[in-house]
Every structure is written in C-alpha cells, then in structure tokens.
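The values are calculated or read from the model by the stated rules, or taken from the named source; none is laboratory data. Small disclaimer: the values here were computed from a predicted structure and weren't measured. Here the Cβ positions follow ideal geometry from the backbone for every residue, glycine too, while neighbour counts run over all protein chains shown. Ligands, DNA and RNA are stripped out before the accessible areas are found, and what is left, the full protein with its side chains, is counted by its heavy atoms. Shrake-Rupley method; radii C 1.70, N 1.55, O 1.52, S 1.80 Å.
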Amino acid sequence: MFKLLFSAGAIALLTAVAAPAYATTIDFSTLPLYTPVTTQFPGVTFSLIGGPGPDNAPVTGSFGTYGLGNSPTGEYPTTETLNIAFASGVKNLSFTFDNFGSNSEFGPSTYSAYGKSGLISTGNIASLCCGYDPVSVFGSGITDLMIGNGSGGNYSWEFGVGQVSYTSGVPEASTWVMMLAGFAGLGFVGYRRNKVVNFAA
C-alpha cells in the first residue's frame with residue numbers, strides 16, 4: 001500500500017514539475033460583429049484603458065471587420081489602450097493587427113508586455129493597413145499585453161486585433177479532473193488489494 005501511494009505521489013510531482021505546454025489561439029472572427037469581449041475565453045481578460053473613449057468592454061467589429069478593437073462600440077471615439085490580461089504567465093505570444101491607416105502624424109501603434117516583475121518587452125507596430133498582419137512579442141511569463149494606438153490618450157485612432165496566440169504551462173480544468181480521477185482510481189485499487197490480502201490471511 002505504501003509503495004502504491006508513494007508511486008502515485010511521485011507521478012503527481014513529476015506531472016506538476018514537467019507540466020506540458022498548451023498552445024491556444026483566440027480567433028475573433030468566430031464571434032458575431034459588435035460582440036463585447038471580456039472573459040469569454042478561459043484564463044484571459046480583455047479591457048480598454050484611457051483616451052477619449054469610455055473605459056469599457058472592447059467589441060469585435062473594428063471598421064466593420066471581425067477584429068477586436070480599442071472601442072466599446074466599434075466606432076469612434078476610441079480608447080488609447082487595449083489590455084489583454086493572462087491569469088498565468090504565457091510565452092510564444094503573438095497577435096494579428098490592422099492599424100487601418102498609417103497614423104504617421106502621431107507615430108506608430110505600440111505594444112508592451114508585462115510580467116510579475118514589470119516590463120518584459122515593448123515595441124512599435126509598423127503602420128499596417130488593410131489586412132491583419134502578424135506581430136510577435138518577445139519574452140515569457142507575460143501576464144499583460146497592452147496595445148496602444150500610438151497617439152496617446154488625447155486622440156482617437158482605431159485599430160483591430162484579429163487573433164491572439166500564446167503558449168501556457170497551465171492545463172485546462174478538464175485535464176486536472178482526469179488526472180485526479182486517475183489518482184483516485186490508483187488509490188482505490190491499492191485499497192481493494194490490501195483488503196483482499198488481509199481477508200485471505
């Protein structure tokens with residue numbers, strides 16, 4: 001019995017230490033236009049911050065496209081920043097982006113990635129227009145991705161994010177349930193085996 005419990009404990013420890021990576025892609029084209037997006041996707045929260053537009057839930061439908069924008073209505077005015085918060089640190093983070101114009105008068109749109117210890121990476125997003133192009137974010141342990149409109153908090157400039165992809169080391173709830181059920185089954189088998197041996201003696 002002791003050996004079985006020890007083995008189950010060792011397996012649980014190895015599973016926790018060597019947790020596999022889980023790749024996730026959030027595709028906003030799967031949602032109807034003008035859908036508010038906040039916590040529909042497990043482990044991720046979307047919000048708007050600053051600027052002339054109200055701080056509220058971002059919606060799909062930037063400029064009539066499927067992308068998630070920096071506006072609570074899909075139209076002007078916009079907020080300065082779309083914030084994407086992850087419940088646990090992620091890596092291999094990327095997103096697709098459309099700036100809907102050059103925004104040359106005010107500077108390029110930007111992204112900043114933060115972790116528990118502060119800023120991890122930041123960069124300018126090229127003046128991307130008329131199509132969603134990929135942007136890769138450097139770093140791991142990212143808990144917040146802030147995408148700015150490149151024009152500060154006093155001016156509206158609408159942009160859209162088509163997809164967000166990342167890798168997380170935290171398994172989904174269903175994986176934990178299956179793993180715990182397996183451990184319970186091992187314990188039950190050990191318990192039954194012990195009873196049979198005692199009865200036979």
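Observations on the model:
- Output for segment 54-78, where each listed residue is open to solvent by less than 40 Å² (accessible area, probe 1.4 Å), without any contact (Cβ under 8 Å) to a residue 60 or more places away in the chain and of a type in the set (V, I, T): V59, T60
- For segment 25-37, the tally of residues that are open to solvent by 40 Å² or more (accessible area, probe 1.4 Å) and within 15 Å of T73 (Cβ to Cβ) stands at 4.
- Residues in segment 137-162 that are part of a loop (DSSP other than H, G, I, E, B) and small (G, A, S): G139, S140, G141, G150, S151, G152, G153, S156.
- Filter result (surrounded by fewer than 16 Cβ atoms within 10 Å (Cβ to Cβ) and either of a type in the set (S, T, Y) or at pLDDT 95 or above (or both)) within segment 124-133: S127
Listed here are the residues, each with its yes/no results for (1) open to solvent by less than 40 Å² (accessible area, probe 1.4 Å); (2) at pLDDT below 80; (3) touching an Asp or Glu at 6+ places or on another chain (Cβ under 6 Å); (4) small (G, A, S).
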{"position": "V135", "(1), (2), (3), (4)": "yes, no, no, no"}
{"position": "S140", "(1), (2), (3), (4)": "no, no, no, yes"}
{"position": "L145", "(1), (2), (3), (4)": "yes, no, no, no"}
{"position": "S156", "(1), (2), (3), (4)": "yes, yes, no, yes"}
{"position": "F159", "(1), (2), (3), (4)": "yes, no, no, no"}
{"position": "T175", "(1), (2), (3), (4)": "no, yes, no, no"}
